[in-house]
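The values are calculated or read from the model by the stated rules, or taken from the named source; none is laboratory data. Note that this is a predicted model, so its numbers are computed, not measured. Note: ideal-geometry Cβ built from the backbone for every residue, glycine included; neighbour counts use all protein chains shown.
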Amino acid sequence: MEKIIFIETGTGIDVHGQNVTKACLRAVENAIHYNSMPGIKDYLPEQDLHNMKVNVRLAVPMDKEKVDIEKVKAEIPYGTVTVEVIDGGMATTSGIVLEDKEDKNDLMYIVNAAVEVGY
């Protein structure tokens, strides 16, 4: 990315089921769905949303290899998307194991996302 225009941040949690991809998707949604970028086209080459570059950085507490990168990319509606998964976030107890929620243990996964937008 040549120029970062702004960065959005969010947090996503999977309380039951230990699905790290679900927590990542929620973190990205939290980062991007409370913002509007009405002037973004003015900053992009040829004023085209497809020229936007987006880097999604996810801080994941465990099971990094299980993150479905393609699902994460699909959350971003425009531009060329890259996804970087790093150590971070938190795994902590939910206080209960709910087998009907596909729990394997009592952990909940908390993921942090930084979504960099530019060109």
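Scan region 11-19 and tell me whether some residue there is farther than 13 Å from Y119 by Cβ, touching a His at 6+ places or on another chain (Cβ under 8 Å) and of a type in the set (A, V, I, L, M).
Checked region 11-19: no residue is farther than 13 Å from Y119 by Cβ, touching a His at 6+ places or on another chain (Cβ under 8 Å) and of a type in the set (A, V, I, L, M).
Exactly one condition in (1) out of contact with any Phe, Trp or Tyr (no Cβ under 8 Å at 6 or more places or on another chain); (2) surrounded by 16 or more Cβ atoms within 10 Å (Cβ to Cβ) is false for P77; which is it?
Only one criterion in (1) out of contact with any Phe, Trp or Tyr (no Cβ under 8 Å at 6 or more places or on another chain); (2) surrounded by 16 or more Cβ atoms within 10 Å (Cβ to Cβ) is unmet by P77, namely (2).
Among the listed residues V115, V85, identify the single one that is surrounded by 13 or more Cβ atoms within 10 Å (Cβ to Cβ), part of a strand (DSSP E or B), out of contact with any Lys or Arg (no Cβ under 6 Å at 6 or more places or on another chain) and not polar (S, T, N, Q).
The conditions single out V115.
Return yes when K104 is of a type in the set (K, R), at pLDDT 95 or above, buried (at least 18 other Cβ atoms within 10 Å of the Cβ) and not in a strand (DSSP E or B) and no when it is not.
On the way: of a type in the set (K, R): yes; at pLDDT 95 or above: yes; buried (at least 18 other Cβ atoms within 10 Å of the Cβ): no; not in a strand (DSSP E or B): yes.
Taking the combined requirement at face value, the residue does not satisfy it.
Working only within region 28-54, note down all residues that are of a type in the set (A, V, I, L, M) and either assigned to a helix (DSSP H, G or I) or loosely packed, with under 10 Cβ neighbours inside 10 Å (or both).
V28, A31, I32, I40, L49
Exactly one of these conditions fails for I96: (1) in a strand (DSSP E or B); (2) more than 17 Å from M1 (Cβ to Cβ); (3) of a type in the set (V, I, T). Give me its number.
(1)
Which of the residues that make up region 55-67 are crowded, with 18+ Cβ neighbours inside 10 Å and out of contact with any Ser or Thr (no Cβ under 8 Å at 6 or more places or on another chain)?
If the condition is that a residue be crowded, with 18+ Cβ neighbours inside 10 Å and out of contact with any Ser or Thr (no Cβ under 8 Å at 6 or more places or on another chain), then L58, A59, V60, P61 are the ones that fit.
If you scan region 13-27, which residues turn out to be assigned to a loop (DSSP other than H, G, I, E, B) and small (G, A, S)?
Once the filter is applied, which keeps residues that are assigned to a loop (DSSP other than H, G, I, E, B) and small (G, A, S), region 13-27 yields only G17.
Scan region 23-44 residue by residue and report those that are of a type in the set (K, R) and touching a residue at least 12 places away in the same chain (Cβ under 8 Å).
Here is the first cut: in region 23-44, the ones of a type in the set (K, R) are 26, 41.
Matches in region 23-44: R26 only.
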